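Notes for the one structure printed next.
The values are calculated or read from the model by the stated rules, or taken from the named source; none is laboratory data. Predicted model, so just to flag it, every value in this text is computed and none were measured. Reconstructed Cβ throughout: ideal geometry from the backbone, glycine too, with neighbour counts over all protein chains shown.
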Amino acid sequence: MTTEIFSEIAEIGIPIPHGGADLHSHTTASDGMEAPRDQVRLAHRAGLEALAVTDHDTVAGIAEAVAEGHKLDIHVIPGVEISTVESGVDIHILGYYVNECDPVLLERLSRLRKTRDYRNVMITDKLTEQGIPITMEEVVAELGRPLADGESVGRPHIADALVRRGVVQDMREAFDKYLGANGTAYVNPPRIRPYEAAEWIRDAGGAVVLAHPVLYGSDELVERIVTEMKPDGIEVWHSDHDEQDVERYAALAQRFNCIMTAGSDFHGARQGKVFHGQLGSRRVSMDTVNELRHIAERRRLT
Ligand SMILES: [Zn+2]
Ligand SMILES: [Zn+2]
């Protein structure tokens, strides 16, 4: 099953078009490597007209990215990627044009980050039991700065600490051996279900998109989730989707009357490698961006 979310794809040979929007990216507000303002600068260099900042369970990077976007004339879409679980599989739900100041959304996301923090401690406890005495203090120290309000660390940061200790060579090995679904320190804490995340996003006036369906390992599960949560869109183009995946999920999107979206899921480079894809390597036209915006605007009016 392709649950390992860090599969790397070869970008060489793929022509990078100019303009358009990359609808999926992570900054240092979650487990990306670039600060929000630097991410927007990279988007500018990649010729993007718009960039969605979609950090895991937080909107803490958005204000900085929006401010930089104004300077560089890049439209920054306020987004979030919410962690959920369905039938034991981690499912990610993207929200676009959410009101990032909505107190209810902020409180809900803060609850999810607490679950993440708790999960991190369970992982480091398991590693310690296995003779790798690692602490969350050590993991946070990897950042070289204190965590800001609303920021959280995740498994990639624990992987960085394992690489630093020389326990593994790189993040791939860290996930295969310890942190991934088949790893010896894997922990899956209770999480909300996809339809709840969709409700949260709608409550915060946003548009709902199912992220990277291929990573869930079962199209039957994907269809069940789409039927239940009725997303506005499906991420048809993603760095981990091959041509056949794109065809299948485009057909699914059409069948369920969903918008087809695209995102690189850029996280920056770790140990010299870009996991998922390069910023701007997956793009949609600004028409798609406007469709998402209109859905969100209508939702806010009702
Ligand atoms: Zn994801
Ligand atoms: Zn992501």
Taking the residues in region 123-137 that are part of a helix (DSSP H, G or I) and farther than 12 Å from Leu179 by Cβ as candidates, determine which candidate is farthest from the chain's Cα centre (by Cα). Glu129
Go through (1) crowded, with 21+ Cβ neighbours inside 10 Å; (2) more than 30 Å from Met260 (Cβ to Cβ); (3) of a type outside the set (Ser, Thr, Tyr) and name the single condition Leu147 misses. (1)
Return the residue satisfying two criteria in turn: it lies in region 65-95 and is assigned to a loop (DSSP other than H, G, I, E, B) and under 24 Å from Val40 (Cβ atoms), and of such residues it is farthest from ligand 1 (Cβ to nearest atom). Asp73
How about region 66-80: which of its residues are of a type in the set (A, V, I, L, M, F, W, C) and within 16 Å of ligand 2 (Cβ to nearest atom)? Ile77, Val80
Enumeration of residues in region 185-208 that are among the acidic types (Asp, Glu) and within 15 Å of Glu86 (Cα to Cα): Glu196
Need at least 2 residues that are in contact with a Leu (Cβ under 7 Å, 6 or more places away or on another chain) per element, so show me which helices (runs of 4 or more DSSP H) inside region 208-302 make the cut, counting only ones lying wholly within it. 219-229
Check on Val53, within 16 Å of ligand 1 (Cβ to nearest atom), surrounded by 24 or more Cβ atoms within 10 Å (Cβ to Cβ) and either basic (Lys, Arg) or at pLDDT 95 or above (or both): yes
Is it fair to say Ser83 is surrounded by 19 or more Cβ atoms within 10 Å (Cβ to Cβ), among the polar types (S, T, N, Q), more than 21 Å from Arg202 (Cβ to Cβ) and within 16 Å of ligand 2 (Cβ to nearest atom)? no
